[in-house]
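Comments concern the structure below.
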């Protein structure tokens, strides 16, 4: 196990540009030797955000490309993950986590994955939950 879980906005902006600080990890996860960790919940959120910025066809193509990578691991959701995510959502509600963030947090811990995010709440929750989180402010994703 192990790998990288890139949060929604990282995927959205990676379409055009990935920050230099995360470039190596992105390449390792998409064409290298690290696992790219996803869940269908995260995929739905990425698609929603990408449609708004790039349109439906480009978003769909990008999601299918990401899912087709040799290193992609789509984690199946089960009771264990769902119950843990629900509890994490309650525990870290003060950090402003979404339910998708809560699932990502639990999945990252289960998969021993590092999360890459622009969400300061996910950074705080990761620290409290024992998950390594690599944070950049959202403005770092803009060109």
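Taken together, the values in this text are just the output of simple stated rules run on the coordinates, not laboratory data. Small disclaimer: the values here were computed from a predicted structure and weren't measured. All Cβ positions, glycine included, derive from the backbone under ideal geometry; neighbour counts span all protein chains shown.
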Mean Cβ count within 10 Å, highest first, over the residues of peptides 112-121, 3-12: 3-12, 112-121
Principal-axis tilt of helix 99-111 within the chain, Cα atoms, nearest 10 degrees: 90
Square roots of 5 times each gyration tensor eigenvalue, C-alpha, region 1-61, largest first, Å: 20, 14, 9
Principal axis box of region 92-143, alpha-carbon based, largest edge first, Å: 33, 23, 17
Fluctuation leader among 77, 42, 122 - the chain, Gaussian network, Cα springs under 10 angstrom: 77
Pair-distance profile P(r), taking every C-alpha pair of region 13-143, with 10 angstrom steps and integer %: 12, 41, 39, 7, 0
Per-residue Cβ neighbour rank within 10 angstrom, fewest leading, 21, 35: 21, 35
Crossing angle, helix 40-54 versus the chain [Cα axis fit, 0-90 degrees, rounded to tens]: 40
Tilt relative to the chain, helix 120-129 - C-alpha long axis, 0 to 90 degrees, to 10: 50
